[in-house]
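The values are calculated or read from the model by the stated rules, or taken from the named source; none is laboratory data. Bear in mind that the values here come from a model prediction, so they are computed numbers and not experimental data. Please note: Cβ atoms are built from the backbone with ideal geometry, for glycine as well, and neighbour counts cover all protein chains shown.
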Amino acid sequence: MSYVPNQQIKHPRPHSPLVFDTRTLGRQPGTARSETRIVPAPVDLRVAMACVPSGADIKLTVLLEAVSEGVLAAARVDNRLVTGEDFETFASLHELTPTLDPRAGGLGFVKTYFSIINKVATMASDRLPGLASWCDAERTVCAKYAAVQIDMRLQLNLEMAASYSSN
């Protein structure tokens, strides 16, 4: 929930499937618990330009860790599996994701490989179903690779920014 000035903050319902009870964690720093749930998406689940349709199943994975100041929570929300159809979107996002590391590379070879696999899949679609299936699997690998590269780039940026601010 984001803070909006002059508006009363809504507290989540305690029995909502999106609320995780931290009381069972204990107060010993370092104590951790991981929990995964599959729940229907609420009506207002969105971030920037992405949203999940209301009622669609989402997979929540939460890691709760006790620290001296309270509880540190890390969460992941998955709506669906990545497919080869996602590659173009991830490639575009990768280009829009800035990098603070001058050694960071792009997706050039992967884009070329994806293009070749796409052409092979087009030719094999009806005549060679086994080859078409292999092409789908390869396109999915390309999409996952691009997604991981985005994640790694963002993580590296956070680490570099933290090191700059501490100096």
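Check whether at least one residue in the stretch 121-128 is modelled with pLDDT of 90 or more, assigned to a helix (DSSP H, G or I) and within 25 Å of residue 106 (Cα to Cα), and report yes or no. Break it down stepwise before answering.
Here is the first cut: in the stretch 121-128, the residues modelled with pLDDT of 90 or more are 121-123, 128.
From the residues that got through so far, the ones that are assigned to a helix (DSSP H, G or I) too are 121-123.
Cutting the leftovers down to within 25 Å of residue 106 (Cα to Cα) gives us 121.
Looking through the stretch 121-128, at least one residue is modelled with pLDDT of 90 or more, assigned to a helix (DSSP H, G or I) and within 25 Å of residue 106 (Cα to Cα).
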Just checking, how many residues over the stretch 138-167 are farther than 26 Å from residue 96 by Cα and part of a helix (DSSP H, G or I)? 1
Scanning the stretch 56-75 residue by residue, those within 20 Å of the chain's Cα centre (by Cα) and in contact (Cβ under 8 Å) with a residue 24 or more places away in the chain turn out to be 60, 61, 62, 63, 64, 73
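One residue is enough: does the stretch 101-114 have a residue meeting the conditions in contact (Cβ under 8 Å) with a residue 24 or more places away in the chain, of a type in the set (Asp, Glu) and assigned by TED's automatic domain parsing to the domain that holds residue 89? I'd like the intermediate steps shown before the answer.
Step one: list which residues in the stretch 101-114 are in contact (Cβ under 8 Å) with a residue 24 or more places away in the chain, which gives 101, 104, 107, 110, 113-114.
Cutting the leftovers down to of a type in the set (Asp, Glu) gives us 101.
Imposing the further condition that a residue be assigned by TED's automatic domain parsing to the domain that holds residue 89 reduces the set to 101.
Looking through the stretch 101-114, at least one residue is in contact (Cβ under 8 Å) with a residue 24 or more places away in the chain, of a type in the set (Asp, Glu) and assigned by TED's automatic domain parsing to the domain that holds residue 89.
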Being within 14 Å of residue 88 (Cβ to Cβ) and either without any contact (Cβ under 8 Å) to a residue 60 or more places away in the chain or not small (Gly, Ala, Ser) (or both) is the filter; apply it to the stretch 122-143 and report the residue that is surrounded by the fewest Cβ atoms within 10 Å (Cβ to Cβ). 140
